[in-house]
1. Would you please classify the overall shape of segment 1-123 from the alpha carbon gyration tensor, given that a ≥ b ≥ c denote the square roots of the eigenvalues, rounded means a/c under 1.5, and beyond that prolate means a/b larger than b/c while oblate covers the rest?
2. Net charge near Arg283, counting Lys/Arg +1 and Asp/Glu -1 over other residues with Cβ under 15 Å of its Cβ?
3. Give, rounded to the nearest 20 debye, the magnitude of the charge dipole that the chain has about its Cα centre when Lys and Arg contribute +1 at Cβ and Asp and Glu contribute -1 at Cβ.
4. Excluding the sites themselves, what is the longest stretch of the chain that contains no trypsin sites (Lys or Arg not before Pro) in a DSSP loop with at most 14 other C-beta atoms within 10 Å?
5. Using modelled amide H (1.01 Å from N, peptide plane; none on Pro or chain starts), what sits under 5 Å from the amide H of Ser101, excluding residues fewer than 5 places away?
6. Just one of (i) 50; (ii) 44; (iii) 57 is percent of Cα pairs over 25 Å apart calculated from these coordinates, so which is it?
7. Give the shape of segment 236-287 as rounded, prolate or oblate, defined through the alpha-carbon gyration tensor: a ≥ b ≥ c are the square roots of its eigenvalues, a/c under 1.5 means rounded, and otherwise the shape is prolate if a/b is larger than b/c and oblate if not.
8. Would you mind ranking Met204, Met254, Met99 by Cβ crowding within 10 Å, fewest neighbours first?
Amino acid sequence: MALTILGALVIAVAAGLLTGLFGVGGGFLVTPLLNVVLGLPMPIAVGTGVMNILGVSTAGLYWRRKSNLADFKLALVLFGGNATGVYFGGRTLESLKAMGSLSLNGAEIPAADFYTLLVLLVLLLAIFVWMFLETRRPARPAVRVGLFSYVKIPPYANFRSLESPRLSIPVLAYFGLAAGYLTGLLGVGGGIILLPALVYLVGMRTHRAIVTSLLMIWLTSFVAAITHSSQGNSDLPVLMTLLVGGSVGFQIGMTISRKLDGTKLRRYFCYVVLGVALMVLGRIAGAFF
């Protein structure tokens, strides 16, 4: 148990560091590491991960409360779809738990572990490729325009935080639904999706996207924590360790974040995503060999 707590402390500091730097909640790192490194079953890792995200993102919002960078209107538009998606993601995870174990090359692995890790791997690799290519393109025009601004499905809403402010409400709602589903299924808090999506799809500047992402992570993880706690998907000693270590890492990350520009933040973020993807790949490959 002592080694488990020590491992959880190291994971927590790293997750808190990422939250301070990128506003992603650290869930995409915590959940797979709880499974790969500490050996917690994926449903327990997911539930413990989202509860930790709730604590860390609460601290993140508190320390950034005077920044005036969060877009509350956008967060509320996304939240309706988010909350629904979390519910269905949690139900999917429960269905995977009921499937029991899979036999792969003579070895047994829980179906919930295998399928959630596989989905997480595909997601991480896609985000890495997307961000890696974007950070190496020539400098963009001064006005940032997100891809969602080209989708013309009424009704629309205007958002003051954007340089191309008019966006389709149905498009934002369905995006929130997808992000929430992945939170409920994978326990990744949605930040791994939200940060790049707010920058490239919605059209936010990086530092504003970080704070708005934190707000969305808090709202989504609040719903997800209730869902998973009701299903018994948590490990209390590990959770308390994560919360303590995360607060330390967050302070370090926020200090570093203030010294980096948006392009560097996105570039470093994509390398972190690649590192986690490789760890998940190793866990999946281990099921076959």
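1. Oblate is the answer for segment 1-123, as a/c is 1.5 or above yet b/c matches or exceeds a/b.
2. -2
3. My answer is approximately 1260 debye.
4. Here the longest run is 161-257.
5. Those qualifying (amide H under 5 Å, at least 5 residues apart or on another chain) are Ala111.
6. Only one listed value fits the structure, namely (ii).
7. oblate
8. Starting with the residue having the fewest Cβ neighbours, the order is Met99, Met254, Met204.
Throughout, read-outs are computed from the coordinates displayed, never taken from laboratory work. Everything numeric here is computed off the predicted structure, so don't read it as measured data. Note that we place each Cβ from the backbone using ideal geometry, even for glycine, and neighbour counts take in every protein chain shown.
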